[in-house]
Structure formats: C-alpha cells, structure tokens
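Novice: Structure provided below as structure tokens; questions to follow.
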Amino acid sequence: MAKLLLVDDDIELVELLAELLRLEGFQVEIAHNGQQALEKLNSSYDLVLLDIMMPVLNGVETLKQLRQRFDTPVMMLTARGNEIDRVLGLELGADDYLSKPFNDRELVARIKSILRRTVKNSAEIPKSNVKDSGMIEYAGITLQTGSQQAFFAGQNLYLTGTEFALLQILITHRGQILSREYLNMKVLNKTLTPFDRAIDMHMSNLRKKLPPKADGSPWFKTLRGRGYLFISEQH
C-alpha cells in the first residue's frame, strides 16, 4: 500500500481528499504547513502532495528544503493560472503539478502515474540494453532500474523519479528525435497542452545534473518544433 503525505492548510479540503485517497487504497497522513511536513518526512513516504500557499512555511520553501534532504516524489497543488509557482516548483525538482480546483479522478490518475514511474519504473526498455541486474549502461552513464538511481562515472546524479524516467526513455531511444508530446505522455502520462512546459523544465533539470561528455559536448539536443534528441556516439 503506497503511503502519501498530504500537505495543505485547508482543513476541510484535506479531510475530503484524505478520505477519497484512502478509499482508493492509499495510506494517507496529513500536515497543515510546511514545517509539519518536513518533520513528518523523517518517516518514509512514496509521494508528497504539496500545496503552495500555506502559512508558517509555504510550499516552494518546503520543496526547496525537502529536496536538500530527500528524493521523495512531489506533486504540487497550485492555484489555477499561477504559472510562476508551477515553473519554480518544477525547477526545484517537483515531479508534477495539478491546478485547483481539480477533478478527483484526475488527481488519482496523476498519483498512480507518478507511483508507477518512481516506485517501479514502467518505461519500456529494449532487452538488449538491460542486464540481469536491472541496469542500463551507456557511455559512462549507469541506470539502476530497480532502485531508480542514476550514475555518471560512478557518481550518483540524485535524479528525481521523473528525471530518471525521462533519462531512461531518452537513452533507450538514443539517436531518435522524441517529440514533446511523446515524452509528455510516456513520462508524465498526460496529454500535452499548449502552455504546459513541465517536460521542458524536467529536461532543463536533467541537463544541469548530468555532466557533459568528456569532450565537453552535450548529451541532449533540442530541435525546435520537433522535440529532444539524446545524441548517440554515431551522431
């Protein structure tokens, strides 16, 4: 049973959401501000649902401190149209966001999508790239698919679950142009909308965490209007 931490200062909303999620089979604990959430995170959770606008410690500052200590997946709950908070949250390492008010079914679907790619990654991997130990290795990059850890030259990259899923699908399709629409559906399990920049922010974070190749060249190429390319040794 997946264990969720629901963080929001709206007491009535939190109780309703907690009841809904428990009926869906999740174990749910509650915090009403960021400080309470950080204290509770000394225990293990599979996902944090984090509101942005809260007293004591707001969601953005909570996420910043959380990422310094934990790699727990995070879904932000934001006010509709608050683009700045969404972008900042994604830059700080949130896995996804959902704008209030939201549909209950969409919330549950998003939660299950994040858990699928973080608790046990479900991206398709060509058998030729996978060793019996559940590892993918390419040009100094090592992905441990079971533990969701990524290494470069032996150094842990400390990727979030979403960043790991994105890197995995790019490596296994290296040399191929993958559209933003394709990546959005495969990695985030949602249809790309006109102003949705989530996949671009995850790409930006991935670029920051993965050092360049030995010759200083990048691993990824952005093709405007077409998508992203993981540059293979043949390119």
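Values quoted throughout were computed directly from the atomic coordinates according to the rules given, and no laboratory measurement underlies them. Quantities reported herein were computed from a predicted structural model and do not represent experimental measurements. Here the Cβ positions follow ideal geometry from the backbone for every residue, glycine too, while neighbour counts run over all protein chains shown.
Novice: Over the C-alpha atoms of segment 127-230, what are the Rg and the largest Cα-to-Cα span, Dmax, in Å?
Specialist: Every Cα atom of segment 127-230 included, Rg and Dmax give 13.5, 41 Å.
Novice: Output the 0 to 90 degree angle, nearest 10, between the alpha-carbon long axis of helix 161-172 and the longest principal axis computed from the alpha carbons of the chain.
Specialist: 20
Novice: If you put +1 on each Lys and Arg Cβ and -1 on each Asp and Glu Cβ, how big is the dipole of the chain around its Cα centre, in Debye rounded to 20?
Specialist: Approximately 1020 debye in magnitude.
Novice: Next up: Only bridges whose two residues both fall in segment 1-102 count here: according to DSSP, what percent of them are antiparallel, nearest 5?
Specialist: Working: 0 of 18 bridges.
Counting only bridges with both partners in segment 1-102, antiparallel ones make up about 0 percent.
Novice: Are there chymotrypsin sites (Phe, Trp or Tyr not before Pro) in segment 183-221 that DSSP puts in a loop and that have at most 16 other Cβ atoms within 10 Å, and which ones? Numbers along the way, then the final one.
Specialist: Working: sites: Phe195, Trp219, Phe220; in loops: Phe195, Trp219.
Here the chymotrypsin sites (Phe, Trp or Tyr not before Pro) that fit, given the DSSP loop and packing criteria, are Phe195.
Novice: Set Lys and Arg Cβ to +1 and Asp and Glu Cβ to -1, take the dipole of segment 135-235 about its Cα centre, and tell me which of Thr162, Ala214, Thr172 lies farthest positive.
Specialist: It is Thr162.
Novice: For a quick size check, give me the Cα extents of the chain along its three principal axes, largest first, whole Å.
Specialist: Per principal axis, max minus min of the Cα coordinates gives 57, 38, 29 Å.
Novice: With θ set to phi - 60° and the Karplus curve 6.51 cos²θ - 1.76 cosθ + 1.60, what are the ³J(HN,Hα) couplings of segment 99-109 in order, to the nearest whole Hz, using x for Gly and Pro?
Specialist: 8, 7, x, 10, 7, 4, 5, 5, 4, 4, 5
Novice: Can you give me the three principal axis dimensions of segment 3-118 from its C-alpha atoms, in Å, biggest first?
Specialist: Taking the Cα atoms of segment 3-118, the three principal extents are 33, 31, 30 Å.
Novice: Arrange the peptides 166-174, 222-230 so that the one whose residues have, on average, the most other Cβ atoms within 10 Å appears first.
Specialist: Packing order, densest peptide first, comes out as 166-174, 222-230.
Novice: Give me the dipole magnitude in Debye, nearest 20, for segment 131-235 about the Cα centre, with unit charges on the beta carbon: positive for Lys and Arg, negative for Asp and Glu.
Specialist: 300
Novice: Of Gln35, Ile231, Ala198, whose Cα points farthest to the positive end of the dipole of the chain (charges on the beta-carbon: +1 Lys, Arg; -1 Asp, Glu; origin at the Cα centre)?
Specialist: The residue sitting most towards the positive pole is Ile231.
Novice: Checking the table Lys112/Lys208; Lys3/Lys40; Lys64/Lys208; Lys3/Lys190; Lys40/Lys100; Lys112/Lys190 against a 18 Å threshold on Cα-Cα, which pairs fail?
Specialist: Violating the 18 Å limit, Cα to Cα: Lys112/Lys208; Lys3/Lys190; Lys40/Lys100.
Novice: Restricting to bridges with both residues inside the chain, how much of the DSSP beta-bridge set is antiparallel, in percent to the nearest 5?
Specialist: On the way: 16 of 34 bridges.
Expressed as a percentage, antiparallel bridges in the chain total about 45.
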